[in-house]
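Each remark here refers to the structure printed beneath this line.
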Amino acid sequence: MEYDFAKRTDKMNGTATREIFKLLSRPEIISFAGGLPASEALPQKEIAEIAASLLNGKDAMRILQYGTTEGFKDFRETLADYVKDVGIEGIDIENILVVSGGQDGIDLMCKSFLDPHDKVLVEDPTYLAVLQILNSYEAEAIGVKSEKDGLDLDDLEEKIRKHRPKMLYVVPNFSNPTGKTYSEKKRKAIAEITARHGVMVLEDDPYGKLRFEGESVKSLKSFDCAGNVVYLTSFSKTVSPGLRTGVAVGEKQVIRKMTVGKQGTDLHVSNLSQLIINEYIKKYLETNVERSLSLYKMRRDAMLGAIDKFMPSFEHTVPQGGLFVFGRLPGGLDAEKLLPKAVERNVAYIQGNVFYADGSGRDTVRLNYSNASPNDIERGIKALGALIDEQLRL
C-alpha cells in the first residue's frame, strides 16, 4: 500500500543520538555519543525500596488508578519547594505541571504556542531534539550566535526584530551540546529583552544540579517579571531517565494550556514514577547527587586530560558540570564523514552539524564523558586522535 502521510511528517526524522544507540549493542564500541547518566549513579536499591513500600502501602490503589493530568497534589507541593533552589519563588501547585521527561515539556510548549511557519529562536548550537520537535510542528528554527557566557545579546535582539519569533529556547546550565553556562548578567538581559518584545522563553534545565565546579547561578525564570518564561527540568540525569518524570513551571494560564495539550496525548505521567520521585527527593536526592558529582568530575577530567594528550589541536569547551564537551576538529575536517571511520575503530561521537538550526558546524563534535570509564575514555580519545592525525596527513 502507498501511504498518504501528513505533509508535516516530511521533515520529521530520527535524531542522531537515537540512531547511534543502535551501535551500542556492540560491546567493543566506546561511545561518547549518548547523553546517558553514569550507570553507577542510577539508584537501583533506593528506587526498589521506595517502589516496594509504595505498592505495599496505603497509596497502592491510587498508584494503579488513573491520575490527574497536572500530577499528584503532594508531588507538586514538593516540586514547588524544590524549584526554590534555582530562585523560583511565590508559586503554588497551579503553576506546576508534571511532564513525562523534558521532551514532553518541550513538545507541550510547542503544541501550545506554535502555528505552522512560526519562528523560534535557538542558540547555535542547541539541543538537537528541539530542532526535530519544531519540524514536527512546521515551525522554523533560527540560530542565535553564542558567546562563552551565553547568547550574543545584540544578535538576539536583532533576530527578534527581524523575525518576530513566538519563542526562544535556551539551555542555560551546562548546555547540551556545548557544556557552557550562561552568566547571571546574560540571564537577566534575556529576561528583559524577551519581555520587552513579548517573546515566550522556554528555559530547559536538565543538568543544573550536576555542577562540580564554580558557583551556582539562579534560573532565568527567577528574573521573569512579565510571565513569559517557562522553566523546565527533569529527573532523568539526577535520578533515572527510565522513570520519565519532569516538571514545567510557568504562569497559571500557560500551565493550563499545556495541561489541556497533555490530556490529548498521554493523560498523565506514570503515577508510580511520580510518587517514587517524590519520596526520592525527600530522602535521597541531595546526598546521592553529591556523591555522583565526584564521579562526573573524574570522568570529565579524564576526557580533558586525554584530549590534551592525544588531540591537542581540538579546540573545546571546559564545562563546570553536566555531561558534555563540545569542540571543533582541526583542518576543517567534516565530523559526519569522519564518523564511520571512527566507528571502524570502535569509537562513536555525535557530529556537531545536527545541533545547528541551519546545519552548519560540520567540523564540530559533541563528546559525552558521563557513561564511560576513565580507561575507556583514554582509549577512545587516543583512537580518535590517531584517526584525526591520519586524516590531516591525507
- Query: Given the residues Lys111, Lys58, Lys73, which is the only one that is of a type in the set (Lys, Arg), open to solvent by 10 Å² or more (accessible area, probe 1.4 Å) and free of Cβ contacts under 8 Å to residues at least 12 places away in the same chain?
  - Reply: Lys58
- Counting only residues that are open to solvent by less than 10 Å² (accessible area, probe 1.4 Å) and not hydroxyl-bearing (Ser, Thr, Tyr), which one in the range 205-227 is farthest from Pro165 (Cα to Cα)? Leu210
- Number of the condition not met by Asn346 [criteria: (1) modelled with pLDDT under 95; (2) open to solvent by less than 20 Å² (accessible area, probe 1.4 Å)]: (2)
- Residue check, Tyr182 against (1) within 21 Å of the chain's Cα centre (by Cα); (2) farther than 16 Å from Thr233 by Cβ; (3) assigned to a loop (DSSP other than H, G, I, E, B), all met but one. Which one? (2)
- Task: Check the range 349-367 and report whether any residue there is open to solvent by 30 Å² or more (accessible area, probe 1.4 Å), over 23 Å from Lys180 (Cα atoms) and assigned to a helix (DSSP H, G or I).
- Result: no
- Members of the range 109-126 found to be within 24 Å of Thr178 (Cα to Cα) and either acidic (Asp, Glu) or modelled with pLDDT under 95 (or both), listed by number: Glu123, Asp124
- Message: Arg291 - would you say it is at pLDDT 95 or above and of a type in the set (D, E, K, R)?
- Response: no
- Message: Condition first: within 21 Å of the chain's Cα centre (by Cα) and open to solvent by 60 Å² or more (accessible area, probe 1.4 Å). Now tell me which residues in the range 237-264 satisfy that.
- Response: Gly242, Arg244
- Query: Do we find that Tyr207 is touching a residue at least 40 places away in the same chain (Cβ under 8 Å) and assigned to a strand (DSSP E or B) in this structure?
  - Reply: no
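The rows are residues; the columns are (1) acidic (Asp, Glu); (2) assigned to a helix (DSSP H, G or I); (3) modelled with pLDDT under 95.
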site: Ala226; (1), (2), (3): no, no, no
site: Leu232; (1), (2), (3): no, no, no
site: Val254; (1), (2), (3): no, yes, no
site: Lys257; (1), (2), (3): no, yes, no
site: Thr265; (1), (2), (3): no, no, yes
site: Leu275; (1), (2), (3): no, yes, no
site: Glu279; (1), (2), (3): yes, yes, no
- Query: So is Asp104 open to solvent by 10 Å² or more (accessible area, probe 1.4 Å), under 25 Å from Gly321 (Cβ atoms) and part of a helix (DSSP H, G or I) or not?
  - Reply: yes
- Restrict the check to the range 179-194 and report whether at least one residue is hydrophobic (A, V, I, L, M, F, W, C), open to solvent by less than 20 Å² (accessible area, probe 1.4 Å) and touching a Cys at 6+ places or on another chain (Cβ under 9 Å). yes
- Message: I need a count of the residues in the range 130-168 that are assigned to a helix (DSSP H, G or I) and surrounded by 19 or more Cβ atoms within 10 Å (Cβ to Cβ).
- Response: 8
- Query: Which one of these does Gly90 not meet: (1) touching a Lys or Arg at 6+ places or on another chain (Cβ under 9 Å); (2) open to solvent by 70 Å² or more (accessible area, probe 1.4 Å)?
  - Reply: (1)
- What residue, of Val289, Val325, Val269, is over 22 Å from Thr126 (Cα atoms), β-branched (Val, Ile, Thr), in contact with a Gly (Cβ under 8 Å, 6 or more places away or on another chain) and open to solvent by less than 30 Å² (accessible area, probe 1.4 Å)? Val269
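The values are calculated or read from the model by the stated rules, or taken from the named source; none is laboratory data. Please read these numbers as outputs of a predicted model, since none were measured by experiment. Cβ atoms come from the backbone with ideal geometry, glycine included; neighbour counts cover every protein chain shown. The accessibility values were calculated without ligands, DNA or RNA, using every heavy atom of the protein model including side chains. Shrake-Rupley method; radii C 1.70, N 1.55, O 1.52, S 1.80 Å.
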